[in-house]
1. Expressed as an acute angle from 0 to 90° and rounded to the nearest 10, what is the orientation of the C-alpha long axis of helix 177-188 relative to the principal long axis of the chain?
2. When all alpha-carbon pairs of segment 493-556 are counted, what percent fall beyond 12 Å?
3. Expressed as a rounded percentage, what relative contact order does the chain have, with Cα pairs under 8 Å and six or more residues apart?
4. Arranged from highest to lowest average of other beta-carbon atoms within 10 Å per residue, in what order do the peptides 87-96, 563-572 appear?
5. Over the chain, give the accessible area per residue in Å² for a 1.4 Å probe, as an integer.
6. Could you work out how far helix 497-507 tilts from the main Cα principal axis of the chain, as a 0 to 90 degree angle to the nearest 10?
7. Return the carbon/sulfur percentage of the accessible area of the chain, one whole number, probe 1.4 Å, all protein chains in place.
8. Which of rounded, prolate or oblate describes segment 473-591 when judged by the alpha-carbon gyration tensor and an a/c cut-off of 1.5?
Amino acid sequence: MSKSVYIAGAAAGSGKSVLSLGMMELFSASAESVAFFRPVAADEQDSVIRLMRERYGLEVPAAEMLGCGMEAARDLVAAGREDDLIKRILHRFKALEERFEHVVCEGTDFSMSVPGLELDFNIELANHLGCLVLPVLNGAHRTDAEILDDVRMVAASLVERHCELLAMVVNRAVGERRDRLAETLTAQSKIGVPVFVLPDHPMLDMPTVGEVAAAIGAAHLSGPADALNREIAHFKVAAMELPNFLDHLEEGSLVITPGDRADIIVGCLAADRSLSYPRVAGLVLTGGLLPAPQIQRLVEGLNGGSTPMLGVADDTFNTATAIGAVEGRLGPENPRKIAAALGVLEGVIDFAKLCQRIRITGGERVTPLQFEYELIRRAKRRRMHVVLPEGAEERILQAAEIVLLREVADITLLGDPNKIGRRIATLGLRLDGARVADPAVSPERERYATALYQARRHKGVTWQMAWDMVEDLSYFGTLMVHTGDADGMVSGAVHTTQHTIRPAFQVIRPRPGHSIISSVFLMSLEDRVLVYGDCAVNPDPNAEQLAEIALSSADTAERFGIEPRVAMLSYSTGESGQGQAVEKVRRAVAIARERRPGLKLDGPIQYDAAVDVAVAKTKLPESEVAGRATVFIFPDLNTGNNTYKAVQRTAGAVAIGPILQGLNKPVNDLSRGCTVTDIVNTVAITAIQAQGVAGD
């Protein structure tokens with residue numbers, strides 16, 4: 001069976017790019033090598049080609065991912081030279097296929113010819129390329145019976161043309177109808193392959209302000225670049241006076257108005273800032289007119305320049321007509337849409353079943369993106385509840401939106417609801433699914449104060465002291481976890497490590513059988529993920545503590561799909577060295593082996609012998625760990641912290657952590673320089689740890 005997949009839309013607007021993203025995610029996480037190909041697209045700057053190259057780090061030049069430009073394809077079809085077009089595409093595709101194990105091919109956009117003939121063209125092309133075919137049907141505005149007929153008809157056409165059918169997807173099914181439709185198609189289609197039904201997600205169809213700007217050739221007059229990612233749900237032409245116009249504003253409106261309408265401009269920017277009016281996606285100023293200097297100054301002071309404002313030379317009518325024709329697309333510049341698309345797919349598509357049908361066989365190579373995919377997949381097995389104390393921090397809010405869009409976990413944000421609400425509005429985020437709690441006025445404050453008092457009164461903490469301490473965001477979040485109101489906590493984007501973890505040490509305490517709390521970093525290198533411990537908590541563990549850190553780190557590695565092969569590091573390997581420090585490691589090795597005889601663990605061992613097969617053959621030739629270690633236990637905090645930072649900075653590794661281990665319930669720290677992706681990954685890790693605590 002072929003290992004390349006051709007995704008073909010059965011009609012215009014089917015949403016096949018969402019499936020292309022899903023298949024690239026699947027192949028990138030499960031296979032050794034993957035490439036992306038479009039047989040026909042406008043040019044090399046096609047948004048989907050750019051998305052795949054940037055997201056998956058494809059080093060293939062964009063020109064090699066495109067079979068033929070749209071204009072050249074139309075000319076060949078018009079001249080009756082379709083065979084020449086197919087030969088050109090086939091030549092480009094085969095050149096790519098020779099270098100990669102899998103190729104994801106996204107079919108044409110129904111802009112070349114008659115729609116019915118274009119579907120035939122895609123079927124013929126998929127056969128010539130030797131790909132499995134994954135047709136995508138548009139379920140919007142069609143009855144269940146009509147969709148069932150469409151599925152049968154498309155499947156029959158593919159079988160008649162001797163295509164290999166991978167599965168079928170019906171996209172844009174609305175609301176509760178999706179489950180019923182999925183049952184109907186499974187029971188009645190009888191086409192012999194899986195049929196998946198994706199729910200409608202309005203964000204995926206909404207163009208962004210940036211996409212509109214590119215389509216109509218608008219100048220970006222003001223507002224930060226990331227504000228161009230705001231989705232447009234409606235567009236409004238402002239012809240009324242301001243009071244009447246405000247009554248017509250809807251959430252996500254792009255307001256189109258002449259550039260000299262100072263009242264509309266100031267009013268819309270104030271509405272976008274206000275919690276009493278819907279969010280404004282942006283403004284388009286028409287007629288080549290700009291606001292007066294006084295208005296521009298007022299706008300800057302009023303809104304901080306956070307709402308995107310575009311300018312065009314054309315008049316209002318022509319501009320509104322052009323904007324109405326702009327369609328939303330997936331592109332690398334909008335991580336929110338990518339997260340929404342993956343969230344839709346991951347909740348429906350049985351990727352394990354597709355892997356079996358494609359016969360994907362992955363090796364031991366694990367890229368950062370593969371590891372991230374596996375984290376998200378594991379976290380979604382059982383949805384946990386994670387509290388984020390730094391609720392007004394921009395990166396936390398952006399990460400929370402992605403977590404909710406991908407259905408990784410339920411989220412509670414801590415802080416002043418008004419401040420958080422304004423920040424969400426300013427950033428143009430959608431966080432309706434997040435809960436917000438203010439520790440200062442929370443009805444749970446008294447209950448949490450009582451729990452803290454009971455946990456710390458032996459240390460001299462009075463009830464009044466506990467009441468005051470609970471107002472602190474970290475204590476409040478920790479007590480949510482302690483009392484079972486949340487399953488885990490992630491903090492540290494703003495707060496120090498001590499501020500994040502001290503309440504956990506005081507309240508949550510170690511798990512039974514654990515004498516200390518320790519930490520690891522997951523070091524995601526170019527082709528593998530390693531575990532480093534302890535690099536953040538214990539300055540100078542003794543032999544017993546070092547053994548416990550090793551066993552805890554092995555458990556952590558296994559929980560995250562890493563086969564534990566534990567190297568207990570020192571400045572000498574085997575029996576070659578002497579001294580107090582190396583003797584401590586030897587004792588730790590003996591203790592760990594006694595506690596867990598079946599664990600692959602060796603030491604003392606130097607780092608080079610732990611990672612390099614050639615060195616290992618010389619220094620420890622009989623070891624199961626040497627040269628293949630996945631878990632590295634450092635003898636002290638000084639060595640561990642410096643080593644992880646050196647590897648992070650010089651080898652370009654992604655360091656995820658510190659991840660605390662040994663606690664009764666999971667609390668994890670972030671680096672204050674963390675990215676949005678780091679936060680998403682840490683939330684997923686925390687959810688996975690919480691699943692383990694819950695006995696999943």
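The values are calculated or read from the model by the stated rules, or taken from the named source; none is laboratory data. Note that this is a predicted model, so its numbers are computed, not measured. When we count neighbours, we look across all protein chains shown, and the Cβ atoms used for this are built from the backbone with ideal geometry, even at glycine. These accessible areas exclude ligands, DNA and RNA; they are computed on the full protein's heavy atoms, side chains included. Shrake-Rupley method; radii C 1.70, N 1.55, O 1.52, S 1.80 Å.
1. 80
2. Values: 1485 of 2016 pairs.
The share of Cα pairs beyond 12 Å in segment 493-556 comes to 74 percent.
3. On the way: 1384 pairs, mean separation 76.8, N = 696.
Over the chain, the number comes to 11 percent.
4. On the way: 87-96: 16.5, 563-572: 22.3.
Result, highest mean Cβ count within 10 Å first: 563-572, 87-96.
5. Details: 28790 Å² over 696 residues.
Per residue, the chain has an accessible area of 41 Å².
6. 60
7. Details: 14260 of 28790 Å².
Here it works out to 50 percent.
8. Numbers: a/c = 2.20, a/b = 1.74, b/c = 1.27.
Since a/c reaches 1.5 and a/b is larger than b/c, the shape of segment 473-591 is classed as prolate.
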